[in-house]
Amino acid sequence: MPNTQAELLLKINQRLPGDIQRRYNKLIAKRRAEILSAKEYAELLRMTDQVEKFQARRVEYLAELASLRKIPLSELMDELGIRGPGYE
């Protein structure tokens with residue numbers, strides 16, 4: 001059954017669980033400070049893969065919603081106030 005717009009919006013607005021986001025942020029900070037251990041680096045690589053998969057699914061939902069609304073993805077992202085990666 002195709003996703004409805006409401007279902008897609010719920011999926012698009014999901015966030016990583018707080019504990020995962022906090023740990024990921026902590027590992028990123030340690031990497032930037034150049035104090036990341038080899039074990040932490042391996043954990044960061046695994047988590048990065050997990051985060052990227054999560055974000056890819058979100059983009060798929062965004063694309064599906066844009067298609068349902070018959071508008072470009074960039075327009076939908078503007079409407080929803082979503083910025084792409086690298087715009088911090």
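No lab work stands behind these numbers, since they all come straight from the coordinates. This is a predicted model, so every value here is computed, not measured. Using ideal geometry, Cβ is built from the backbone for each residue, glycine included, and neighbour counts are taken over all protein chains shown.
Any idea what the relative contact order of the chain is, in percent, if you count C-alpha pairs under 8 Å spaced at least 6 apart?
Averaging sequence separation for qualifying contacts and normalising by length gives 33 percent for the chain.
Net charge within 14 Å of E64 by Cβ-Cβ distance, Lys/Arg positive one each and Asp/Glu negative one each, not counting E64 itself? If you can, show how the numbers build up before the last one.
On the way: positive: K11, R57, R58, R69, K70; negative: E7, E60.
It works out to a net charge of +3.
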Where does the charge balance sit around Q5 when Lys and Arg score +1, Asp and Glu -1, over other residues with C-beta under 10 Å from its C-beta? -1
Using only Cα atoms and rounding to the nearest 10 degrees, what angle (0 to 90) does helix 18-32 make with the longest principal axis of the chain? 50
Pairs of lysine residues in the chain - Cα separation under 27 Å, sequence separation of 8 or more or cross-chain: 9
Suppose only helical runs count, i.e. DSSP H with n ≥ 4. What mean residue ellipticity at 222 nm does that imply for the chain under -39500 (n - 2.57) per run, divided by all residues and rounded to the nearest 500 deg cm²/dmol? -23500 deg cm²/dmol
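What does the charge count around E79 come to, taking other residues whose C-beta lies under 14 Å from its C-beta (Lys +1, Arg +1, Asp -1, Glu -1)?
Details: positive: R69, K70, R83; negative: E75, D78.
Counting the neighbours of E79, the net charge comes to +1.
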